[in-house]
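The values are calculated or read from the model by the stated rules, or taken from the named source; none is laboratory data. None of these values were measured; they are calculated from a predicted model. With ideal geometry, Cβ positions are generated from the backbone for all residues, glycine too; neighbour counts draw on all protein chains shown. Ligands, DNA and RNA are excluded from the accessible area calculation, which covers all protein heavy atoms including side chains. Shrake-Rupley method; radii C 1.70, N 1.55, O 1.52, S 1.80 Å.
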Amino acid sequence: VGEEVLLKCSFKSSSPITDSLLVDWTYRPLSGGQMETVFHYQSIPHPTTAGKFKDRISWVGNVANGDASIAIQSPALSDNGTFICSVKNPPDV
């Protein structure tokens, strides 16, 4: 609690990395319920503009190196849950 948290995500692709590459981070609270997108990357980072992670997620990845990691500032116990990193690099998924 209080210190920045790094959520690591690494990937490999058999296709060349292009501007078509998409990264989506989704979150589901520990108590269950609705999945919500908390971060989107396509050419540039697009942090969420709504919800509990608004203004608290930053891109720390480097897709050229197979890294799609993010960081969460000011984490709280209420942020506990499942975070899923999804990478699509057409035609590779």
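Data table
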read-out: Residue among THR18, THR49, THR82, THR26 that alone is within 9 Å of the chain's Cα centre (by Cα) and polar (S, T, N, Q); value: THR26
read-out: Residue check for PRO45: assigned to a loop (DSSP other than H, G, I, E, B) and not aliphatic (A, V, I, L, M); value: no
read-out: Subset of the stretch 59-86 (residues that are assigned to a strand (DSSP E or B), under 15 Å from TYR27 (Cα atoms) and open to solvent by 30 Å² or more (accessible area, probe 1.4 Å)); value: THR82, PHE83, ILE84, CYS85, SER86
read-out: Subset of the stretch 36-55 [open to solvent by 40 Å² or more (accessible area, probe 1.4 Å) and either under 21 Å from ASN80 (Cα atoms) or β-branched (Val, Ile, Thr) (or both)]; value: GLU36, THR37, HIS40, ILE44, PRO47, THR49, ALA50, GLY51, LYS52, LYS54, ASP55
read-out: Residue that is out of contact with any strand residue (DSSP E or B) (no Cβ under 7 Å at 6 or more places or on another chain) and β-branched (Val, Ile, Thr), where the choices are VAL93, VAL38, VAL5; value: VAL93
read-out: Residue within the stretch 46-62 that is modelled with pLDDT under 95 and in contact with a His (Cβ under 7 Å, 6 or more places away or on another chain) present; value: yes
read-out: Subset of the stretch 2-23 [within 25 Å of ASN80 (Cβ to Cβ), assigned to a loop (DSSP other than H, G, I, E, B), open to solvent by 60 Å² or more (accessible area, probe 1.4 Å) and touching an Asp or Glu at 6+ places or on another chain (Cβ under 9 Å)]; value: LYS8
read-out: When residues of the stretch 24-35 are limited to those that are assigned to a loop (DSSP other than H, G, I, E, B) and among the polar types (S, T, N, Q), the one most open to solvent (accessible area, probe 1.4 Å); value: GLN34
